[in-house]
Amino acid sequence: MGKEKVHISIVVIGHVDSGKSTTTGHLIYKLGGIDKRVIERFEKEAAEMNKRSFKYAWVLDKLKAERERGITIDIALWKFETTKYYCTVIDAPGHRDFIKNMITGTSQADCAVLIIDSTTGGFEAGISKDGQTREHALLAFTLGVRQMICCCNKMDATTPKYSKARYDEIVKEVSSYLKKVGYNPDKIPFVPISGFEGDNMIERSTNLDWYKGPTLLEALDQINEPKRPSDKPLRLPLQDVYKIGGIGTVPVGRVETGVIKPGMVVTFGPSGLTTEVKSVEMHHEALQEALPGDNVGFNVKNTVAVGVIKNVEKKDPSGAKVTKSAAKKK
């Protein structure tokens with residue numbers, strides 16, 4: 001996957017068990033991001049744990065604890081390509097206990113894909129006063145994510161299957177809520193899909209021949225290209241910092257403004273720690289420079305204790321994780 005395509009970040013949000021990880025995993029599988037043998041292994045593992053329907057979600061739910069609980073806990077990053085874009089997917093947790101992780105992921109996205117459970121009871125739970133369909137949509141708008149795609153998922157499990165009436169009912173109710181939040185529902189595609197069966201993910205489904213709008217892949221290609229302020233000073237909010245044996249300290253996050261490249265001297269805030277960037281990578285590929293919108297890991301010169309960067313927030317309330325930044329040394 002080269003850098004010639006524009007890079008965008010997509011956050012997949014929605015109520016717990018709406019099918020976020022399954023839909024995302026299936027999409028990545030269909031777009032060639034995962035070896036068929038790997039999916040077969042996931043299928044076998046899922047079947048052994050009596051969770052056959054979780055096989056695509058296994059792609060994203062890599063932590064053993066997540067597998068056993070059947071919910072996404074951390075923010076899993078994955079990638080795929082559309083005709084127009086090079087995409088990083090941020091699969092955000094839907095479980096209410098993990099809302100903090102969801103905020104970290106959403107704040108780094110260019111477009112939100114809201115997954116809605118279309119089944120009887122499933123939709124109602126998500127859109128209820130305490131449901132994550134409402135909460136996630138509100139958070140996405142509040143965090144500045146102005147582009148959205150809505151997926152009416154599990155259309156293969158509506159009553160009757162692939163019900164247009166159910167789809168119309170969901171579109172009407174969700175549109176009304178999104179308008180209250182601040183979105184313009186007329187500009188949001190509502191795509192009826194089955195994340196598990198694959199209906200309307202990449203190709204049009206004959207099961208949904210009453211639907212004339214874009215597939216999920218086409219809707220992703222219709223995202224407006226975000227403006228990238230690469231001429232401003234470097235600002236890179238950190239998502240995490242890793243200590244990797246044989247390599248050293250690797251902070252990771254998304255470039256918001258400016259560029260980062262090997263040889264640059266950067267300063268971490270609020271600690272004021274200054275060091276040199278040795279290398280920059282995106283999805284395990286070395287970059288000569290990373291631009292705004294790129295989710296990167298960068299190796300810094302000398303051994304910097306992870307705690308020096310990460311634990312600053314314990315001493316200084318202003319040093320919360322999402323506000324930490326790296327800036328070009330003047």
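Read-outs: derived from the displayed coordinates by stated rules, not from any lab. Everything quoted here is computed from the prediction, not taken from an experiment. Cβ: placed from backbone, ideal geometry, glycine included. Neighbour counts: every protein chain shown.
Computed from the C-beta positions of S230 and K187 and an R0 of 35 Å, the FRET efficiency is 0.85 to the nearest 0.05. For the pair S279 and T142, the difference between a 0.36 nm per residue extended length and the Cα-Cα distance amounts to 45.9 nm. For V300, the residues whose modelled amide H falls within less than 5 Å of its own, excluding neighbours fewer than 5 places apart on the same chain, are T249, K278. Roughly how many whole Å is it from the C-alpha centroid of segment 146-202 to that of segment 233-250? With segment 146-202 and segment 233-250 each reduced to a Cα centre, they are spaced 38 Å. The largest-to-smallest principal axis extents of the Cα set in segment 94-251 are 55, 36, 32 Å. Checking the Cα-Cα distances for K84/K232; K187/K227; K20/K129; K84/K261 against a 22 Å cut-off, the pairs over it are K84/K232; K84/K261.
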